[in-house]
Amino acid sequence: MHDELLTDAARRASDYLDSIARRLVWPTAESVAGLAAAGGLLPEEPADPLEVLGLIDRIGSPATVATQGGRYFGFVTGGTQPAALAASWMVSAWDQSAALRVMSPAAAAFEDIALDWLRDVLGLPAASAGAVVTGATMANFTGLAAARHALLERADFDVENDGLFGAPPLTVVVGEEVHVSLVKALGLLGLGRGRVVRVPVDGQGRMIAEALPPLDARTSVCIQAGNVNTGAFDPAAEICRAARAAGAWVHVDGAFGLFAAMSPPSTGT
């Protein structure tokens, strides 16, 4: 059965990708309403896998957003390249759990290689640590968790063991146009969405360095390497100098601009 099923899935997926240029960017109301056909009561018996795949394609494909197409200008989600899509099919077939190296040496090795390459192309120090996460929110969450640990450790407080009950207060500084994923991460970490200190920004969304509040060793300054709306970078050099002098932590949200480091410097005038 798996040969026939996977072959059919590959055919349907290829047909879908071939039709992207002809599809509406946003599905019609009728297509979205058609998704209800998959609902109803939980079946008492299993269905034929080929029939399930056919149903998913028949009602799901028309109701998708054509993010791979050249006419999509919605969220910053990107589109899958053929090589990445094919690799995704392969790793889905492997069905590995990458939680621990012993659970999947292959997954761990490929992650190590990808991180090595990223350190290289982004010009990061060779000793930089890294991890592959699920998206921007978890990337900010992970980085801010490291900041929370480091700042409280300086105050001789073990947040992982003792929680935030009775912890020394921390200050988080952000720009007025901070991305919502970072604010969400602050809420999940117990640092508070509404307790942040917001710094005014210029017309491009860049934080105004001269407007920074007083910083200290219990402060995390969150800067953007690429504003989601304009692409503008916060003045990192000035902010980092001020933070270093005060012993503060700097968190960089590079989701929208970090990869500019991969581009060769412009030689034009």
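I'm checking my understanding of the structure. Among residues of the range 25-64 that are of a type in the set (A, V, I, L, M) and touching a Lys or Arg at 6+ places or on another chain (Cβ under 9 Å), which one is nearest to residue 9 (Cα to Cα)?
Taking the range 25-64 and keeping what is of a type in the set (A, V, I, L, M), we get 25, 29, 32-33, 35-38, 41-42, 47, 50, 52-53, 55-56, 59, 63.
If we keep only those that are touching a Lys or Arg at 6+ places or on another chain (Cβ under 9 Å) as well, we get 25, 37, 53, 56.
Numbers: 25: 23, 37: 20, 53: 7, 56: 10 Å.
Taking the candidates together, the pick is 53.
Restricting the range 154-166 to residues that are without any contact (Cβ under 8 Å) to a residue 60 or more places away in the chain and either under 19 Å from residue 222 (Cβ atoms) or basic (Lys, Arg) (or both), the residue that is surrounded by the most Cβ atoms within 10 Å (Cβ to Cβ) is 159.
I'd like to know if the range 91-113 contains one or more residues that are touching a Leu at 6+ places or on another chain (Cβ under 7 Å) and closer than 30 Å to residue 178 by Cα. Looking for residues that are touching a Leu at 6+ places or on another chain (Cβ under 7 Å) and closer than 30 Å to residue 178 by Cα, one finds none in the range 91-113, hence no.
Among the residues of this structure, residue 34 does not count as one that is at pLDDT below 95 and not charged (D, E, K, R). When the residues of the range 215-246 are filtered to those that are in contact with an Asp or Glu (Cβ under 7 Å, 6 or more places away or on another chain) and of a type outside the set (A, V, I, L, M), which remaining residue is farthest from residue 141 (Cα to Cα)? Per the stated criteria, the residue is 227.
Residues that are surrounded by fewer than 16 Cβ atoms within 10 Å (Cβ to Cβ) and farther than 29 Å from residue 78 by Cα within the range 247-269 comprise 247, 269, listed in sequence order.
Pairs are defined by a Cβ separation below 9 Å, a sequence spacing of at least 6 or placement on different chains, a first member in the range 97-124 that is at negative phi and without any contact (Cβ under 8 Å) to a residue 40 or more places away in the chain, and a second member that is outside any helix (DSSP H, G or I) and among the β-branched types (Val, Ile, Thr); the pairs so defined are 98/132; 111/132; 114/132; 115/132.
Just checking, how many residues over the range 29-79 are under 30 Å from residue 257 (Cα atoms) and either exposed (fewer than 13 other Cβ atoms within 10 Å of the Cβ) or not assigned by TED's automatic domain parsing to the domain that holds residue 6 (or both)?
Taking the range 29-79 as the starting set, the residues that turn out to be under 30 Å from residue 257 (Cα atoms) are 64-79.
Filter once more, so that each one left must be either exposed (fewer than 13 other Cβ atoms within 10 Å of the Cβ) or not assigned by TED's automatic domain parsing to the domain that holds residue 6 (or both): 70-71, 73-78.
Number satisfying all stated conditions: 8.
Restricting the search to the range 167-223, which residues are of a type in the set (S, T, N, Q) and outside any loop (DSSP other than H, G, I, E, B)? Before the answer, list the steps.
First, the residues of the range 167-223 that are of a type in the set (S, T, N, Q): 171, 181, 204, 219-220.
Hits for the range 167-223 are 171, 181, 219, 220.
Condition check for residue 79 on (1) closer than 30 Å to residue 230 by Cβ; (2) more than 20 Å from the chain's Cα centre (by Cα): one failure, at (2). Residues in the range 175-201 that are surrounded by fewer than 17 Cβ atoms within 10 Å (Cβ to Cβ) and either assigned by TED's automatic domain parsing to the domain that holds residue 77 or under 17 Å from residue 242 (Cβ atoms) (or both): 197, 198, 200.
For the range 51-97, give me the residue count where each residue is basic (Lys, Arg) and modelled with pLDDT of 95 or more.
Here is the first cut: in the range 51-97, the residues basic (Lys, Arg) are 58, 71.
From what is left, the residues that are modelled with pLDDT of 95 or more are 58.
Of the residues in that region, 1 qualify.
Flag: residue 83 does not match the condition of being touching a Leu at 6+ places or on another chain (Cβ under 8 Å) and within 30 Å of residue 181 (Cα to Cα).
The values are calculated or read from the model by the stated rules, or taken from the named source; none is laboratory data. This structure is a prediction, so every number in the text was calculated from the model and none was measured. Quick reminder, even Gly has a Cβ in these numbers, built from the backbone with ideal geometry, and neighbours come from all protein chains shown.
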